[in-house]
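Enquirer: Below is a structure I'd like to ask you about.
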Amino acid sequence: MPRILGVDDSAQNRTLIELYLQGTEFELVTASSGHEALELCRRQQFDLILLDVVMPQLDGFEVCRRLKNDPRTAFVPVIFLTGRLGDESDRAAAYQLGAVDYIQKPVNRDELVARIRVMRRLEEARSRLDRENAALRRELVATQQDLASTAQRLDGMVALRREHLAAASDAMLLLDAELTIVDADDAAEQLLGALPLGAPLVSCGHGAARLAGLLRDGASSADLLLPRGEREARTLRVRVHALHDGQRKAVVLQDVSGVLAAERSLRDREVAAPPPVAKKPPQADYTITDFIGTAPSVYELAEKVGRLRNNRSTVLIYGESGVGKELVARALHFDGRARSAPFIPMHCGAIAPELIESELFGHEKGAFTGAQQAREGLFEAADGGSIFLDEIAEMSLDIQVKLLRVLQRGEIRPVGASQPRLVDVRILAATNRDLLDMVRAGTFREDLYYRLEVVTLHVPPLRERMHDLPELVEHFVRLANRRHDRLDHPVRGVSQAALQRMLNYPWPGNVRELENVIEGAFALGVGEVLQEEDLPRKVVLGQPELVPRPVQRQRGARSPVGRDEVPAPAVAEDAGVMDLRALRLQAEREAIVRALADCDGDKLAAAQHLGLSRSTFYRRLKDLDL
């Protein structure tokens, strides 16, 4: 049954669409906002989208733009439904964004159903043609890749045959029971150096000495690696034959260095073995959704996420760029009891500073030039659910103050509003920087730092869990096969040589960089097996363009003493014990500072919060020099 997503901020309009499509061959799912529609499209598949134009937060044009930029929804037909009496420029803009129709409200049932059916038939025809063209392209590409792969294998086999022929001539020397040289041909001297008759083999150079050691051990057949000197290291295949007199032995030597190199080259181009299936630790009863890995640090992270996913505590996620901090945040929300509530992600550095307050907290009509109607902010949109503030270290100090009020009291104040509004939002924040260092530098508020650090999670960088890299590579190859329509002639995996190059690279961009490397190989037409030459030069050389920047949050470190901070208690040097009076003053000072912070500097409110009279509170402020 074709699935249709109806997006409209008006409950009345959504109900009307439901009535129109009742009894038809279509299944309808509705969304009340652009954010909800995008989230539904991320988790589900739809065959057609009915999209309102005028909506708060994200209007229909912006939703359509995001849908068309996402490869998962780029080809889903979008029909705009609008009650706005715009000019033809609106219709043109809709078609430029990729919409297939633009219908003016009110629309009657028969017309809407007919247009949906026509668009579905057109989409089915287009999809059929696309599939046929894609199948032809895949067949052509697969044929070209098979030819290239066959040519490479033939080249390797020719090289191997050439090396076998070159190694066909044997060298020989004759030794007595004491391993003294009785005879040696020229070929043996070319391999081992000068071999004077009557000389002990062990005294004829390093290579001959190693051969003597091999013979003393009683070996009858073995490979001998000659040490690397002025020439490249070589491998000699040694065969020992005892003569009839029982005293002498003939040693046959064959240089197989080229043969082994050719065999190794062929072997390196074969698909690397799949990673072994790792066993979960006995206590691991939860795994983070979509987070690939079996390293101990991953299981430790999953264990903490499993305990946090069903409560409403604020969580601060530390991790370098590209490690998967948003996956952890999504797991904290969607793997818990609040999975049906809104989840709103926002990158704090992606919005202009002058717009971020309105984006977070909304605004009233007429709050500023261009505010023609009231708009709900992200915190209101996330009410009852979670908001994910990615890269919170990029947030300006003035917005940090407003965020502190949300954490303290659950209050927001839209731009231009005279009264605050209560919201119930779980805050999940992430950063790739050391917030404690920023507090010391004065670029991040200390009070906000302590409010956010209720629970901290650390997502390990890829270089610290390289055991997981083969599994990640297999996962991304599988995804890329689907994304690039390679299901009929898929990339089977990566070669052993390519995998070894990946294991030797430090991955400063972490899992995201690994995914991009594999995506780049597919974009450039990788063959049946991803080879070493399909990798970027930086990976092959093991020389990243950027140096990994670890997030080294210092545990237990104190901030430098400042205006609002509590000094360390005095220590009695002679007794080596803490001064009790200093401890009392420290605790009192800390309680007053926290109360002032909680009350936004309102001294009367802080005194009431502490249960002190106004005169006593002011006297303590003076005594403590606050």
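Enquirer: Being in contact (Cβ under 8 Å) with a residue 40 or more places away in the chain and part of a loop (DSSP other than H, G, I, E, B) is the filter; apply it to segment 339-364 and report the residue that is surrounded by the most Cβ atoms within 10 Å (Cβ to Cβ). Reasoning before the result, please.
Expert: Start the filter on segment 339-364 by keeping residues that are in contact (Cβ under 8 Å) with a residue 40 or more places away in the chain, which leaves 341-349, 353, 356-358, 360-364.
With part of a loop (DSSP other than H, G, I, E, B) added as a condition, the list becomes 341-342, 348-349, 362, 364.
Details: 341: 17, 342: 20, 348: 20, 349: 13, 362: 25, 364: 16.
Filtering segment 339-364 for residues that are in contact (Cβ under 8 Å) with a residue 40 or more places away in the chain and part of a loop (DSSP other than H, G, I, E, B), the one surrounded by the most Cβ atoms within 10 Å (Cβ to Cβ) comes out as 362.
Enquirer: Pull up segment 404-413, narrow it to residues that are more than 10 Å from residue 448 (Cα to Cα) and assigned to a helix (DSSP H, G or I), then point me to the one that is least open to solvent (accessible area, probe 1.4 Å).
Expert: Once the filter is applied, the top-ranked residue is 406.
Enquirer: Another question about this same structure. Any chance segment 365-372 includes a residue that's more than 19 Å from the chain's Cα centre (by Cα), outside any loop (DSSP other than H, G, I, E, B) and at pLDDT below 90?
Expert: No, segment 365-372 has no match at all.
Enquirer: Would you point out the residue of segment 212-239, among those that are buried (at least 17 other Cβ atoms within 10 Å of the Cβ) and under 13 Å from residue 172 (Cα atoms), that is modelled with the highest pLDDT?
Expert: Among residues in segment 212-239 that are buried (at least 17 other Cβ atoms within 10 Å of the Cβ) and under 13 Å from residue 172 (Cα atoms), the one modelled with the highest pLDDT is 238.
Enquirer: Next question, about the same structure. Residues being surrounded by fewer than 11 Cβ atoms within 10 Å (Cβ to Cβ) and outside any helix (DSSP H, G or I): count how many of those fall in segment 107-141.
Expert: The total comes to 1.
Enquirer: Here's a follow-up. Looking at (1) touching a Phe, Trp or Tyr at 6+ places or on another chain (Cβ under 8 Å); (2) closer than 30 Å to residue 341 by Cα, can you tell me which one residue 480 breaks?
Expert: With respect to (1) touching a Phe, Trp or Tyr at 6+ places or on another chain (Cβ under 8 Å); (2) closer than 30 Å to residue 341 by Cα, residue 480 is out only on (2).
Enquirer: Yes or no: residue 401 closer than 30 Å to residue 605 by Cβ and either open to solvent by 50 Å² or more (accessible area, probe 1.4 Å) or in contact (Cβ under 8 Å) with a residue 60 or more places away in the chain (or both)?
Expert: The answer is yes for residue 401.
Enquirer: What do you reckon, is residue 99 buried (at least 18 other Cβ atoms within 10 Å of the Cβ), part of a helix (DSSP H, G or I) and over 29 Å from the mean Cα position of the chain (by Cα)?
Expert: So residue 99 does not fit the description; no.
Enquirer: Same structure, new question: Of everything in segment 414-447, what is surrounded by fewer than 18 Cβ atoms within 10 Å (Cβ to Cβ) and either basic (Lys, Arg) or assigned to a helix (DSSP H, G or I) (or both)? Give them in sequence order.
Expert: 421, 437, 438, 440, 441 - these are the residues of segment 414-447 that are surrounded by fewer than 18 Cβ atoms within 10 Å (Cβ to Cβ) and either basic (Lys, Arg) or assigned to a helix (DSSP H, G or I) (or both).
Enquirer: Further question on the same structure: Do we find that residue 182 is in a helix (DSSP H, G or I), modelled with pLDDT of 70 or more, of a type outside the set (Asp, Glu) and open to solvent by 40 Å² or more (accessible area, probe 1.4 Å) in this structure?
Expert: So residue 182 does not fit the description; no.
Enquirer: When residues of segment 66-93 are filtered for being part of a helix (DSSP H, G or I), open to solvent by 90 Å² or more (accessible area, probe 1.4 Å) and modelled with pLDDT under 80, how many remain? Please lay out each step first, then the result.
Expert: Residues of segment 66-93 part of a helix (DSSP H, G or I): 66-69, 88-93.
Still in the running and open to solvent by 90 Å² or more (accessible area, probe 1.4 Å): 66, 69, 88.
Checking which are modelled with pLDDT under 80 leaves us with 88.
Selection size over segment 66-93: 1.
Enquirer: Here's a follow-up. Determine the pairs where a residue that is part of a loop (DSSP other than H, G, I, E, B), located within segment 506-517, has a partner that is open to solvent by less than 20 Å² (accessible area, probe 1.4 Å) with Cβ atoms under 7 Å apart, the partner being 6 or more residues away or on another chain.
Expert: Matching pairs, first to second residue: 507/462; 507/514; 509/322.
Enquirer: Continuing with the same structure: Going through segment 487-505 one residue at a time, which ones are in a loop (DSSP other than H, G, I, E, B) and either within 30 Å of residue 325 (Cβ to Cβ) or aromatic (Phe, Trp, Tyr) (or both)?
Expert: Correct list: 491, 504, 505.
Enquirer: Now, a different point. Going through segment 374-398 one residue at a time, which ones are in contact with a Pro (Cβ under 8 Å, 6 or more places away or on another chain) and exposed (fewer than 15 other Cβ atoms within 10 Å of the Cβ)?
Expert: 384, 396
The values are calculated or read from the model by the stated rules, or taken from the named source; none is laboratory data. Just so it is clear, the structure is predicted and the values come from calculations on it, not from any experiment. Every residue, glycine among them, receives a Cβ derived from its backbone with ideal geometry; neighbour counts consider all protein chains shown. Protein only, heavy atoms only, side chains kept; ligands, DNA and RNA dropped before computing areas. Shrake-Rupley method; radii C 1.70, N 1.55, O 1.52, S 1.80 Å.
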